[in-house]
Amino acid sequence: MSDMEAIVNFLFEAGMLKKTPRTGYQFLGSGKESVAEHTFRVACIGYVLAKLSRQAVDESRLVKLCLFHDLPEARTGDHNYVNKKYVSVDEEKAIRDLTDFLPFGKEVADLIREFNGQATLEAKLASDADQLDFLLQLKESGDLGNKYAEDWIRAVFKRLYTEEAKEMAKEIVTTDSNAWWFQDKEDPWWVKGGK
């Protein structure tokens with residue numbers, strides 16, 4: 001296989017994440033998103049956490065960790081916490097199979113393994129970004145009336161590593177998820193229906 005063929009196959013595989021649903025929401029009873037939708041906001045959050053970090057952070061590496069952390073799910077699917085109690089996924093095989101033929105495959109594989117290992121500051125921040133995205137989604141569900149979201153929110157707080165993420169989490173749970181666009185309800189634009 002040529003390098004270009006391997007790269008194109010990799011891009012098709014990455015596109016599979018747009019079609020791969022995150023599965024935990026079936027237990028929550030509300031919300032849905034694809035792994036790709038989740039990954040986009042995780043990368044945005046990772047960028048923000050790099051800017052907020054009180055320690056020196058390799059911003060590029062952090063964003064790459066966020067970008068690739070769930071890439072094996074194109075092959076394995078997303079397994080939520082209940083699934084993981086009963087199903088073993090050979091993620092290492094998925095990592096090898098998706099990266100072995102890529103000219104930059106070692107870097108991608110190393111990033112996924114670094115994320116999973118949680119040994120570096122960047123990996124911890126990427127994990128925090130992953131959890132903060134979930135927290136944002138839970139807050140949105142709670143604001144729309146899902147009474148179970150609060151229990152899940154408490155669990156997310158226990159998974160956070162960094163002070164920056166914990167501060168952001170506190171702000172998330174006290175902010176109305178619609179406030180960013182519906183702040184000034186008396187604005188003439190709102191009153192006249194956008195006219």
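Here are the numbers for the structure shown:
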read-out	value
Every residue from segment 145-174 that is among the hydroxyl-bearing types (Ser, Thr, Tyr) and surrounded by 13 or more Cβ atoms within 10 Å (Cβ to Cβ)	TYR148, TYR161, THR162
Residues being at pLDDT below 95 and out of contact with any His (no Cβ under 9 Å at 6 or more places or on another chain) - total across segment 87-97	1
Qualifying residue in segment 82-96 (condition: within 24 Å of LEU136 (Cα to Cα) and not basic (Lys, Arg))	yes
Residues (touching an Asp or Glu at 6+ places or on another chain (Cβ under 8 Å) and not in a loop (DSSP other than H, G, I, E, B)) located in segment 115-124	ASN116, GLU122, ALA123
Positions within segment 49-71 being outside any helix (DSSP H, G or I) and touching a Phe, Trp or Tyr at 6+ places or on another chain (Cβ under 6 Å), in sequence order	HIS69
Scope segment 1-38; condition under 18 Å from VAL108 (Cβ atoms), of a type in the set (Phe, Trp, Tyr) and surrounded by 15 or more Cβ atoms within 10 Å (Cβ to Cβ); matching residues	PHE10
Residues (within 27 Å of GLU5 (Cβ to Cβ) and touching a residue at least 24 places away in the same chain (Cβ under 8 Å)) located in segment 67-94	LEU67, PHE68, HIS69, ASP70, LEU71, PRO72, GLU73, ALA74, ARG75, GLY77, GLU91
1 or more residues surrounded by 15 or more Cβ atoms within 10 Å (Cβ to Cβ) and of a type in the set (Gly, Ala, Ser): qualifying helices (runs of 4 or more DSSP H) within segment 72-114	73-76, 91-99
Which numbered condition GLY46 misses (of (1) within 10 Å of the chain's Cα centre (by Cα); (2) within 19 Å of ILE95 (Cβ to Cβ))	(2)
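The values are calculated or read from the model by the stated rules, or taken from the named source; none is laboratory data. What you see is a predicted model, and the numbers here were worked out from it, not measured in a lab. Here the Cβ is made from the backbone with ideal geometry for all residues, glycine too, and neighbour counts use every protein chain on show.
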